[in-house]
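To start, the structure under review is shown below, and the notes come after it.
Just so it is clear, none of the values below were taken in a lab; they were calculated from the coordinates. Note that the structure is a prediction, hence the values are computed from the model and not measured. Using ideal geometry, Cβ is built from the backbone for each residue, glycine included, and neighbour counts are taken over all protein chains shown.
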Amino acid sequence: MPVIDRIRSYHQDLVRIRHDIHAHPELGYRETRTSDLVAAQLRAYGIEVHRGLAKTGVVGRLKAGTGNRAIGLRADLDALPIHERNEFGHRSQHDGVMHACGHDGHTTMLLGAARYLAETRNFDGTVHFIFQPAEEGGGGARVMIEEGLFEKFPCDEVYGMHNWGTAPAGIFGIRPGPLMAASGSFDLTIAGKGAHAARPEQGVDPVVVAANTVMALQTIASRNISAIDAVVVSVTQIHGGDAYNVIPEEVVLKGNVRGYKPEVLEKLGPAIQRIADGVAATYGARAKLDFRMTYPPLINHARETEIAANAAAEVVGEENVDRNMPPRTASEDFSFMLQARPGAFIFIGNGKGETSCDVHNPRYDFNDDIIPLGASFFARLIEKSLPKR
């Protein structure tokens, strides 16, 4: 069964919503205009609206029939601190903020499904439409859960979807088990002894220590962790010094780690500290580490993965569903929801051919052509999981 005709009939309405959201991007926990728009659309569809979880979160409740089962469908609201380099009419009107990850499209697809399900009521049970703030590093899913999301809106299962920037439009990808990596961050302070740049022997140069530490940290993935257990350790920032002729007192390294297995991730912080201490001691410096895991790995539940894959196949055909896509090293805070409830996360191809690019790129734009596909996927998922009696 292909794209739902009724959803196709209001495709342009959804495109206008998506362009509006794209033109007015908002960062995590500040999505007030976006939340207002989502709430207004849900109310217009006749859906019960609840607001306030995680500051700007919105949850719509839709009940049909007498069934007592409930399913949650989640989309994310926030944008990224990126200066958009597109020139089309719906480009960002907020300098330095843009929807470079497609959350505008995710929100629109879920609204499209909500409109259809509210019109048809072709299911038996309850659907919770969860519009979550602050996915981009803010942990909005975790905050919504901590503030009572699943107590106030019970869900037997929960599903989410993300665009797949480099895959062709019309393709879905999913896998059971680990699909996306956990994410952690670290701040490593290298303390030395300041000196005149002309007399380095009178100090302990933290810049030299930091440079050697950056290279030494690469041995964690290559020599401390099994090649079977993929991890990434990346130093992404180096801060230190204020003058050309002064050796600074300290240098701060900031970075990110990724991995899939909790028992492997537990090794990363101690490994960074051990290496940093060793390199610092070699030069007479000191190292202080602040290490924290931010997002857990996203692990799909087997049964719900099969349900999601089957729903996607109904929309685009079995040949266009990859049921065993390779895991991705990116992270996603829907992982918190999958720790709390059974469910699955699926990818939808966004590609536009030669002009397409991946997410987090200043020239990225969500593909409007796939909006009916994503909306139809959510709708079929509900109709199959909560069949009308």
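Once the cut-off is 20 Å, how many percent of the Cα-Cα pairs in the range 188-295 end up in the long-distance tail?
41
Based on alpha-carbon centroids, what's the gap between the range 91-144 and the range 148-199 in Å, whole number please?
With the range 91-144 and the range 148-199 each reduced to a Cα centre, they are spaced 18 Å.
Give the label of the value calculated from the structure for Cα extents along the principal axes in Å, choosing from (1) 81, 43, 42; (2) 71, 56, 42; (3) 70, 46, 43.
(1)
Along the charge dipole of the range 90-183, pointing to its positive end and built from +1/-1 on Cβ of Lys, Arg, Asp and Glu, which listed residue (Ala182, Asn163, Met144) has its Cα farthest out?
Asn163
Just list whichever of Lys63/Lys384; Lys152/Lys388; Lys261/Lys384 have alpha carbons separated by over 22 Å in the model shown. Before the final figure, lay out each step's value.
Values: Lys63/Lys384 15 Å; Lys152/Lys388 24 Å; Lys261/Lys384 33 Å.
In this structure, Lys152/Lys388; Lys261/Lys384 lie more than 22 Å apart at Cα.
Using +1 on the beta carbon of Lys and Arg, -1 on that of Asp and Glu, and nothing else charged, what's the dipole of the range 188-295 about the Cα centre, debye to 20?
Working: 11 positive and 10 negative charges, 43 e Å.
The calculation lands at about 200 debye.
How big is the equivalent ellipsoid of the range 37-175 along its three axes, where each semi-axis is √(5λ) from the Cα gyration tensor, reported in whole Å from largest to smallest? Let's see the in-between values first.
On the way: eigenvalues 145, 61, 47 Å².
Three semi-axes, in Å: 27, 17, 15.
Farthest toward the dipole's positive end in the chain, which of Asn224, Asn320, Val246, given Cβ charges of +1 (Lys, Arg) and -1 (Asp, Glu) about the Cα centre?
Asn320
Please report, in debye to the nearest 20, how large the charge dipole of the range 258-373 is about its Cα centre when each Lys and Arg carries +1 at its beta carbon and each Asp and Glu carries -1 there. Working shown, then result.
Numbers: 13 positive and 17 negative charges, 184 e Å.
I would put it at about 880 debye.
Take the Cα of Asn86, step 7 Å along the line toward its Cβ, and report every residue of the range 7-37 whose backbone nitrogen sits under 11 Å from that point.
18-24
Divide by every residue of the chain the summed helix terms, -39500 (n - 2.57) for each DSSP H run of at least 4, and state the resulting mean residue ellipticity at 222 nm, rounded to the nearest 500 deg cm²/dmol.
Calculated mean residue ellipticity at 222 nm is -10000 deg cm²/dmol.
If the only charges are +1 at each Lys and Arg Cβ and -1 at each Asp and Glu Cβ, what is the size of the charge dipole of the chain around the Cα centre, to the nearest 20 debye?
Charge dipole of the chain: 660 debye, to the nearest 20.
Enumerate by residue number the chymotrypsin sites (Phe, Trp or Tyr not before Pro) in the range 22-121 meeting two conditions: DSSP loop (anything except H, G, I, E, B), and at most 12 other Cβ atoms within 10 Å of the site's Cβ.
Sparse-neighbourhood loop chymotrypsin sites (Phe, Trp or Tyr not before Pro): Phe88.
Please order His83, His19, His103 by the number of other Cβ within 10 Å, starting at the fewest.
Starting with the residue having the fewest Cβ neighbours, the order is His83, His19, His103.
Arrange the following residues from fewest to most other Cβ atoms within 10 Å of their Cβ: Asp242, Asp13, Asp205.
Fewest-to-most ranking of Asp242, Asp13, Asp205: Asp242, Asp13, Asp205.
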